[in-house]
1. Viscosity 0.692 mPa s, temperature 37 °C: what is the translational diffusion coefficient of region 46-129 from Stokes-Einstein with a Kirkwood Rh over Cα pairs, rounded to a whole number of µm²/s?
2. Straight distance only, please: which lysines reach the Cα of residue 8 with their own Cα at less than 26 Å, same-chain residues fewer than 8 apart left out?
3. How far apart, in nanometres, would the label points at residue 97 and residue 157 be if each is projected 7 angstrom from Cα along the Cα-to-Cβ direction?
4. Can you check what the net charge comes to around residue 53, using other residues whose Cβ is under 11 Å from the Cβ of residue 53 (Lys, Arg +1; Asp, Glu -1)?
5. Could you run the Karplus curve 6.51 cos²θ - 1.76 cosθ + 1.60 with θ = phi - 60° over region 113-124 and give me ³J(HN,Hα) per residue in whole Hz, x for Gly and Pro?
6. Springs between alpha-carbon pairs under 10 angstrom, Gaussian network model over the chain: which of 56, 48, 35 fluctuates most?
7. Could you grab the Rg to Rh ratio for the chain? Cα atoms only, Kirkwood for Rh.
8. Modelling each spin label as a point 7 Å along the Cα-to-Cβ direction, I'd like the residue 165/residue 6 distance in nm, to one decimal.
Amino acid sequence: MRGSVAGKLYLMFIGFLLVLAGGAFTWLLGASFGKAHEQRSWAEVPAKIASVKKEKRRWEASPAPEYRVLIHFDYEYEGETYRSSRFELRGNSWTGKTSKINRLLENYTKGSKHLAYVDPEEPSLAVLKLDTKASGYSIWFPLIFVVGGVGVMIGAWLPRRKVKKSNSPPTS
């Protein structure tokens, strides 16, 4: 199959799919890392928790309910007062782990004071928890698929190596 044009085109297609998938995931992880890195330059300001609410939902297919905590907090930035409800940049995530929810409810009580991180370019955007930079430490994994895909595409067009057959009987 390696010698035919159809075989080479097939290998090119497989290599291209590997490069495409690896490239897409590399880009996604890089963008996530970039945003998390950018957040480290956001302004730190004191914030006061205005309200805390526990929400519950249950999917029909799931026997266990999921929860999330909605936290509204007030903060001041450059003389203006703002209110935000974003715990993290991606919002307030749902979880089935009640221990995580209870820990949030204990740590973020109404009236408690915490640090908030404010986007200086959009002061109405503030979070209580910065995104993790873990995606940047994992970016090597999809790059393996990019390199492998390029290798498959190059290998598809390399000339076949001739293997010399030995006339001696196999030794055991």
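1. Working: Rh = 13.6 Å.
This corresponds to a translational diffusion coefficient of 242 µm²/s.
2. Cross-link targets: 162, 164, 165.
3. A separation of 4.9 nm, rounded to one decimal place.
4. Cβ neighbours under 11 Å give a net charge of +3.
5. Values per residue, Gly and Pro as x: 10, 9, 8, 10, 10, 10, 6, x, 7, 9, x, 6 Hz.
6. With Cα springs under 10 Å in the chain, the top fluctuation among 56, 48, 35 is at 56.
7. Numbers: Rg = 26.6 Å, Rh = 20.7 Å.
Radius of gyration relative to Kirkwood radius: 1.28.
8. 2.6
Laboratory data are not the source of any read-out in this text; all were calculated from the coordinates shown. Treat the numbers as computed from the prediction; the structure is a model and nothing was measured. Note that each Cβ is placed from the backbone with ideal geometry, even for glycine, and that neighbours are counted across all protein chains shown.
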